[in-house]
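What follows is a single structure, written as structure tokens, with notes after it.
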Ligand code: AQP
């Protein structure tokens, strides 16, 4: 049977990128899954501690992420929703996998290389910097592989930025099965989100991210309609008179076009949106000098409206869950993750018995 697994870091309230790249797809998969498909969604708190935060923040982020997942419509009865740290088998398998994982492969990972090159750029590659770069960041993909493999996941929906890590998880299966002679672990298949990466509203060369220091770079699932409209209106674009879809030379406009094409109608391409905007009277009759402003006004106004329509229900449900959490001291959310944690521990234990037997661990 099919086992779908995906994870998300509790590093802040999810934004439009997390929604389109992950959460919306999780919900769709849950709705379309046949009864014997297992769906497992994990809030990866162990991954989140690669960055130190003020005390209390991780607990808050975990609650907010859980509430957001429920608000999107993931059903704790149908799907398994849990905190990664409540299933120790994830960490146990990580260690075991790290004993057959290749250092060379890990050091070629883009995420690690970008941290290293940032350090090199700053000419800080002395002992001090090496002390600053933490091992957890280097071995992060092994924990991610363990998350997936411990549940014998067959399908892993992720954004394009994660495909290298998924390839590494497959490499972990090859290494482990070869070292211990047998088909102990299952190869996961990557399901890439059809949605293009959502880019930052302030710097369209960077992806929209929870950890960007500028809050106006992202639309949060919990933003009010007026906050959303303000952020979209302030999104960086350009001043070229004709609107066109060209992600390389016009990343700001193209990001908005791609978002609108998604929200307007899934079958509409960004180019369809361009053609539509360029055919409006307000745009065609505008002078060269005001045409860009007329087109942008239409594009931004329409996009903000569509986002607000789409997220209205999610925002209402999120507020209701948070209201309940205040009233019951977090009891409901605790019940959800305790129930999910129990199901996840059972799911993981089956694999760990196979793994421990292969490695000659246990009794
Ligand atoms: N901008 C994005 N566009 C499309 N998909 C995105 N995802 C993240 N950003 C975008 C997808 O969201 C899922 C969960 O990601 P994550 O929280 O595990 O980590 P991340 O990719 O590092 O997300 P952020 O928001 O950028 O968080 P921080 O700032 O904490 O690193 C993944 O499937 C990812 O592809």
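Please treat every number below as a calculation from the coordinates, not as lab data. The structure displayed is predicted, hence computed values, not measured ones. Reconstructed Cβ throughout: ideal geometry from the backbone, glycine too, with neighbour counts over all protein chains shown.
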> In nm, what is the difference between 0.36 nm times the number of residues separating residue 331 and residue 115 and their Cα-Cα distance?
Replying inline: 73.8 nm
> Listing 168, 280 from the residue with the fewest other Cβ atoms within 10 Å to the one with the most, what is the order?
Replying inline: 280, 168
> Most exposed first by the Cβ proxy, i.e. fewest other Cβ within 10 Å, how do 161, 54, 212 rank?
Replying inline: 54, 161, 212
> Which residue, 131, 53, 202, tops the fluctuation ranking in a GNM of the chain built on C-alpha contacts under 10 Å?
Replying inline: 131
> What's the percent breakdown of Cα-Cα distances in the stretch 162-204 across 10 Å bins, shortest bin first?
Replying inline: 25, 33, 22, 14, 7, 0
> What is the projected area of the convex hull of the Cα atoms of the chain, averaged over all directions, in nm²?
Replying inline: 20.9 nm²
> What does the stretch 215-320 give for Rg and for Dmax, in Å, if only its C-alpha atoms count?
Replying inline: 14.3, 48
>> Relative contact order of the chain, please, whole-number percent, based on alpha carbon pairs below 8 angstrom and at least 6 residues apart.
In response: 22 percent
> Taking the radius of gyration and the Kirkwood hydrodynamic radius from Cα positions alone, what is the Rg/Rh ratio for the stretch 136-234, to two decimal places?
Replying inline: 1.14
>> Only counting other Cβ atoms within 10 Å, I'd like 242, 151, 135 sorted with the fewest neighbours first.
In response: 135, 242, 151
